[in-house]
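I have placed the structure first, in the form of structure tokens, so that the comments after it can refer back to it.
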Amino acid sequence: MAEIFENPPQIDAGYEPLGAAELVDHDGRSVRLKAGSTIVEVSALAPDLFRVGAFPDGSTPRYDSEAIAKQEWEPVKVSMERSHKEITLSTSAATAHVSLDPLRVSFADASGRSLAADDEELGMGFSRRPDADVFTQPLGPSPRLYKRREEGERYFGCGERTSGLEKTGSYQIFWNVDPPLGHTAAFNNLYTSIPFSFSMTSGRAHGLLFDNPGRVEFDLALEDEGRAYYGAEGANLVYYVFCGPTPWAVLDRYTELTGRTPMPPLWSLGNQQCRYSYIDEDEVREVARGFRERDIPCDVIYLDIHYMDGYRVFTWNEERFPEPEKLMSELREEGFRIVTIVDPGVKVDENYPVYTEGRERDLFCKTGAGEEYHNAVWPGICAFPDFANAETREWWGANHSALLDVGVAGIWCDMNEPSLFIPKQSTMPGDVVHPGGDDPKFHAQIHNAYGSLMARSVREGLLKLRPDERPFVITRAGYAGLQRHAMQWTGDNSSWWEHLWMSMPQLQNLGLSGVAWAGVDVGGFWGDANGELLARWAEFGAFQPFCRNHTAIGTRRQEPWAFGEPYESAYREMMKLRQRLLPYLYSLFDECHRTGAPILRPLLFEYPEDETTYTADDEFLLGDALLVAPITRPGTEHRHVYLPRGCWFHYWTGERFDGPAHILAHAPLGQPPLYVKANTAVPMAPDMAHTGEGTWDPLTLLLYPTAGADESVLYEDAGDGFDYEDGEYARRTVSCEEAAGSVTVRISERLGSFVPQRQELRLELRGFGSAPESVEVNGEGADSSYDEETGTVIVSLGETESVITVEIVR
Ligand code: GLC
């Protein structure tokens, strides 16, 4: 049962910090020490990344973990210095200081700034809690880590949370649950756990990943407390420090360690529609028709649990969905794909081959007494796959042929905390056993990884079943590193204005925790939406990396047209805008895939030196060119917006603002406050009903030139498949500079061998008070026009692979 929490005391009676240590061994990147019976290892994995491991039973260090994608690191140049008091490991970018008596570890970046320093008094160690309950005792001593809070240090990240962006002074519990309706600040932990704190200290960033897939708690100190706490139940102590100093550097290294977001299939960035449940084939067809008849772009419709036969996974309900293959191929003609839900619970049923095969092959979780572990979920009494076992993962993945063979395009992993019905909304008891593999484990030891392991099995299965297609896997539960298996949606929010607001800090912190491909249910899941809430939510949702409208059984209809006008039109315009922004969004996915940079990002990611951005959690950046500040209150057309340094143009009116500035924005329905950064090209597609309707032709580069210079990147590839990994992509840099009334736009040569199928690339330059004096392309007269009413210059460039230079004199 999810709990209403009270902050437990930081220091429990059984805690013993590690004392004096002596060096026992070292190699090119690591030192190994002994403190009592505990072996401690400090290693430089990369110039700005250190790992610390403490093993209380004196065993050889081991770092295998579901969080970690990269175990083998290239050699790194480390210089080691030793005195009888201290050992230092220095790289080109950072230093680890290891003081020996008592053992304390601290770090510094290249500027000498101290970060993630052990608290002098408490350091790191283990608790042998006298009050530990009967179950936690066999898990062994519990790791604890106390870090000094540096002056001015502020905490963010921590994955999927409730409340605001900044987590300073908060207590964070990492234990995946299916929380009761509400997701208010009274409930701490939700469906995924990413025990990663992201710190900003006077403009400089660092991060700490406390790698433990069991129950973890952080106390992210208030200023006067002076120290932060990181602890878990019974395990070795393993943590990683990312020295930054920029937010970019932290995320780049963090996602190198835990894995990068894969390139999505382009169709999965289109608008998506869901309901628990579209009950039969007729209803699915009707919803699809609704989108096309009303000219609202849509790419995906979801089938929730009612498509199955008695909720048995990998089956079809023959009454409601008699001809799924026909349904899906017809919908495909109309440009729709179908994604189906799959839950982990397998109905205990002698006549159901998925169950009997799993049982015969011994692939389910067990009780301590060696019986199959059973609990209830939608299908009634179920067994639960042991996803920690590689054989189970392979078997589960292969079972998806029942869905893919008839045309399902993607898989939605739900209830994978796992969520159980006895008692209501509980999760698996800690003493359930994952028997698989060579290394049986109690559930408590890997609980938070269960959802990630399920998603991993699905991604790997889909890759085997359709090796030429990019898998689309959506998950509710997971652990650090989940981004390499699946995208995440944030579960059962409510149709409340408060949850529309909370979507922003929630997605921003997920982005700071490596999960860039994420989204909340547009319109809210529980409860009834209304027209205004739904339309305002679409004004936010259109800018999410993942945009899906979803609502619960028994609630009011929530399709974009459910509340009539003016809401339907506002929703339509937002989805059209999303569709047009796909070249920009797709380019951001490429950037994220290569560097881990969040797609929907907090302002602090781009403007770390500006501390006003640290609390700006009701607005966000999409990439670096667009700033969005949605309306999150009913009956409101105005709101405060903070614009960071630089020059910003209001997308709807063209008004110019010079940041840093606090402004009052006017936002009538259908026009959320949206600002475009000067000189940064936003590539846009033509209007389309779905992503497959046509190519991006013409492709428009929207620009607001002003004195100064900036640049951006346009990325294109086939939109699916893996040829891009062999160089079949097209990446071009677009720079824009204005000096003395003369605007120069340069489009670089294409990197990569992909040739976009189009006739026309064009520039749309806004903010011209009068027709330009001259427009030249590569030194010659250009095909251009000027629209007086909107102050826009359009320049047609044809499509060429070589460098294009456009000169415009105002
Ligand atoms: C869970 C999911 C929700 C889904 C429902 C029925 O509550 O979070 O999205 O609609 O189960 O499957």
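The values are calculated or read from the model by the stated rules, or taken from the named source; none is laboratory data. Remember, predicted model here, so these are calculated numbers, not experimental data. All Cβ positions, even for glycine, are placed from backbone atoms using ideal geometry, and neighbour counts span all protein chains on display. Just the protein is used for accessible areas: all its heavy atoms, side chains included, with ligands, DNA and RNA removed. Shrake-Rupley method; radii C 1.70, N 1.55, O 1.52, S 1.80 Å.
When each of Met428, Met454 is tested for being of a type in the set (A, V, I, L, M), open to solvent by less than 20 Å² (accessible area, probe 1.4 Å) and part of a loop (DSSP other than H, G, I, E, B), the lone residue that passes is Met428.
Tell me the residue from Val641, Val713 that is assigned to a strand (DSSP E or B), within 25 Å of Asn509 (Cβ to Cβ) and β-branched (Val, Ile, Thr), please.
Selected residue: Val641, the only one of Val641, Val713 that is assigned to a strand (DSSP E or B), within 25 Å of Asn509 (Cβ to Cβ) and β-branched (Val, Ile, Thr).
Screening the candidates Gly721, Gly670 for the property of being of a type outside the set (Asp, Glu), under 30 Å from Leu751 (Cα atoms) and out of contact with any strand residue (DSSP E or B) (no Cβ under 8 Å at 6 or more places or on another chain) yields one hit, Gly721.
Under the condition of being in a loop (DSSP other than H, G, I, E, B) and open to solvent by 10 Å² or more (accessible area, probe 1.4 Å), which residue from segment 278-296 is farthest from Gln544 (Cα to Cα)? Spell out how you get there, then give the answer.
Of all residues in segment 278-296, those in a loop (DSSP other than H, G, I, E, B) come to 278-280, 294-296.
Now drop any that are not open to solvent by 10 Å² or more (accessible area, probe 1.4 Å), which leaves 279-280, 294-295.
On the way: Ile279: 27, Asp280: 29, Arg294: 22, Asp295: 21 Å.
Here the answer is Asp280.
When Leu420, Leu331, Leu363 are screened for being within 16 Å of the ligand (Cβ to nearest atom) and on the phi < 0 side of the Ramachandran plot, only Leu420 passes.
One residue alone among Thr595, Thr551 is hydroxyl-bearing (Ser, Thr, Tyr) and within 16 Å of the ligand (Cβ to nearest atom), and that residue is Thr551. Among residues of segment 506-527 that are over 21 Å from Arg154 (Cβ atoms), those with a beta-carbon under 6 Å from a residue that is part of a strand (DSSP E or B) and not charged (D, E, K, R) at least six positions away or on a different chain give the pairs Trp517/Met487; Ala518/Gln488; Gly519/Trp489; Val522/Asn549; Gly523/Asn549; Gly524/Ser494; Trp526/Ser494; Gly527/Ser494. Suppose the filter is under 30 Å from Tyr571 (Cα atoms) and either out of contact with any Lys or Arg (no Cβ under 8 Å at 6 or more places or on another chain) or open to solvent by less than 60 Å² (accessible area, probe 1.4 Å) (or both); does Val339 pass it? Considered against the rule, which asks whether it is under 30 Å from Tyr571 (Cα atoms) and either out of contact with any Lys or Arg (no Cβ under 8 Å at 6 or more places or on another chain) or open to solvent by less than 60 Å² (accessible area, probe 1.4 Å) (or both), Val339 comes out as yes. Residues in segment 644-656 that are buried (at least 16 other Cβ atoms within 10 Å of the Cβ) and part of a strand (DSSP E or B): Pro644, Gly646, Cys647, Trp648, Phe649, His650. Can you pull out every residue in segment 484-498 that is open to solvent by 10 Å² or more (accessible area, probe 1.4 Å) and more than 14 Å from the ligand (Cβ to nearest atom)? Within segment 484-498, Arg484, His485, Trp496, Trp497, Glu498 qualify. Yes or no: Gly397 crowded, with 16+ Cβ neighbours inside 10 Å and either more than 16 Å from the ligand (Cβ to nearest atom) or in a loop (DSSP other than H, G, I, E, B) (or both)? In short, yes. Evaluate segment 461-474: report whether one residue or more is at pLDDT below 95 and part of a loop (DSSP other than H, G, I, E, B). Scanning segment 461-474, I find no residue that is at pLDDT below 95 and part of a loop (DSSP other than H, G, I, E, B), so the answer is no. Taking segment 193-234 on its own, how many of its residues are assigned to a loop (DSSP other than H, G, I, E, B) and in contact with a strand residue (DSSP E or B) (Cβ under 6 Å, 6 or more places away or on another chain)? Number satisfying all stated conditions: 8. Scanning segment 521-580 for residues that are touching a Leu at 6+ places or on another chain (Cβ under 8 Å), closer than 30 Å to Thr261 by Cβ and open to solvent by 40 Å² or more (accessible area, probe 1.4 Å) yields a single hit, Trp526. Evaluation of Met263 against the conditions (1) among the aliphatic types (A, V, I, L, M); (2) more than 16 Å from the ligand (Cβ to nearest atom); (3) farther than 24 Å from Ala486 by Cα; (4) at pLDDT 95 or above shows that the sole unmet condition is (3).
Looking at the structure I just gave you, is Gly481 within 16 Å of the ligand (Cβ to nearest atom) and of a type in the set (Gly, Ala, Ser)? Even if it seems obvious, please write down each step before you answer.
Details: within 16 Å of the ligand (Cβ to nearest atom): no; of a type in the set (Gly, Ala, Ser): yes.
Against the criterion (within 16 Å of the ligand (Cβ to nearest atom) and of a type in the set (Gly, Ala, Ser)), Gly481 does not qualify.
Quick one: in segment 685-718, of everything that is of a type in the set (Val, Ile, Thr) and either out of contact with any strand residue (DSSP E or B) (no Cβ under 8 Å at 6 or more places or on another chain) or without any contact (Cβ under 8 Å) to a residue 24 or more places away in the chain (or both), which residue is least open to solvent (accessible area, probe 1.4 Å)? It would help to see each step written out before you state the result.
Step one: of segment 685-718, the residues of a type in the set (Val, Ile, Thr) are 691, 695, 700, 706, 713.
Cutting the leftovers down to either out of contact with any strand residue (DSSP E or B) (no Cβ under 8 Å at 6 or more places or on another chain) or without any contact (Cβ under 8 Å) to a residue 24 or more places away in the chain (or both) gives us 691, 695.
Working: Thr691: 17, Thr695: 75 Å².
Going through the qualifying residues, I end up with Thr691.
Among the conditions (1) modelled with pLDDT of 95 or more; (2) assigned to a loop (DSSP other than H, G, I, E, B); (3) open to solvent by 10 Å² or more (accessible area, probe 1.4 Å), Val238 misses just one, which is (2). Filtering segment 186-231 to residues that are open to solvent by 10 Å² or more (accessible area, probe 1.4 Å), over 23 Å from Leu604 (Cα atoms) and either β-branched (Val, Ile, Thr) or free of Cβ contacts under 8 Å to residues at least 40 places away in the same chain (or both) leaves only Asp224. Scanning segment 719-744 for residues that are within 24 Å of the chain's Cα centre (by Cα) and loosely packed, with under 14 Cβ neighbours inside 10 Å yields a single hit, Glu725. Of the residues in segment 336-350, at least one is of a type outside the set (Asp, Glu), under 28 Å from the mean Cα position of the chain (by Cα) and away from the ligand (no atom under 16 Å from the Cβ). Restricting Phe314, Phe321 to residues that are within 16 Å of the ligand (Cβ to nearest atom), free of Cβ contacts under 8 Å to residues at least 60 places away in the same chain, assigned to a loop (DSSP other than H, G, I, E, B) and not hydroxyl-bearing (Ser, Thr, Tyr) narrows the list to Phe321. For segment 4-49, filtered to residues that are of a type in the set (S, T, N, Q) and in a loop (DSSP other than H, G, I, E, B), the residue that is modelled with the highest pLDDT is Ser37.
Give me the strands (runs of 3 or more DSSP E) completely within segment 726-810, filtered to those with at least 2 residues that are free of Cβ contacts under 8 Å to residues at least 24 places away in the same chain, ordered by residue number. Show your work before the answer.
On the way: elements: 729-739, 742-747, 761-765, 774-777, 783-787, 792-796, 804-809.
In segment 726-810, 729-739, 783-787 are the strands (runs of 3 or more DSSP E) which contain 2 or more residues that are free of Cβ contacts under 8 Å to residues at least 24 places away in the same chain.
If you go through segment 239-258 and keep only what is of a type in the set (Ser, Thr, Tyr) and within 15 Å of the chain's Cα centre (by Cα), you end up with Tyr254, Thr255, Thr258.
Would you mind finding the one in Ala108, Ala117 that is closer than 30 Å to Leu482 by Cβ and within 32 Å of the chain's Cα centre (by Cα)? Steps first, answer last, please.
Numbers: Ala108 fails: closer than 30 Å to Leu482 by Cβ.
On inspection, the qualifying residue turns out to be Ala117.
Checking each residue in segment 409-425 for being under 11 Å from Val377 (Cα atoms) and assigned to a strand (DSSP E or B) picks out only Leu420.
For the subset of segment 281-290 comprising residues that are more than 16 Å from the ligand (Cβ to nearest atom) and in contact with a Phe, Trp or Tyr (Cβ under 8 Å, 6 or more places away or on another chain), which member is farthest from Gly523 (Cα to Cα)?
Applying the first criterion (more than 16 Å from the ligand (Cβ to nearest atom)) to segment 281-290 yields 281-282, 285-286, 288-290.
Right, trim to in contact with a Phe, Trp or Tyr (Cβ under 8 Å, 6 or more places away or on another chain) and you get 281, 288, 290.
Numbers: Glu281: 24, Ala288: 19, Gly290: 18 Å.
Across segment 281-290, the extreme among qualifying residues is Glu281.
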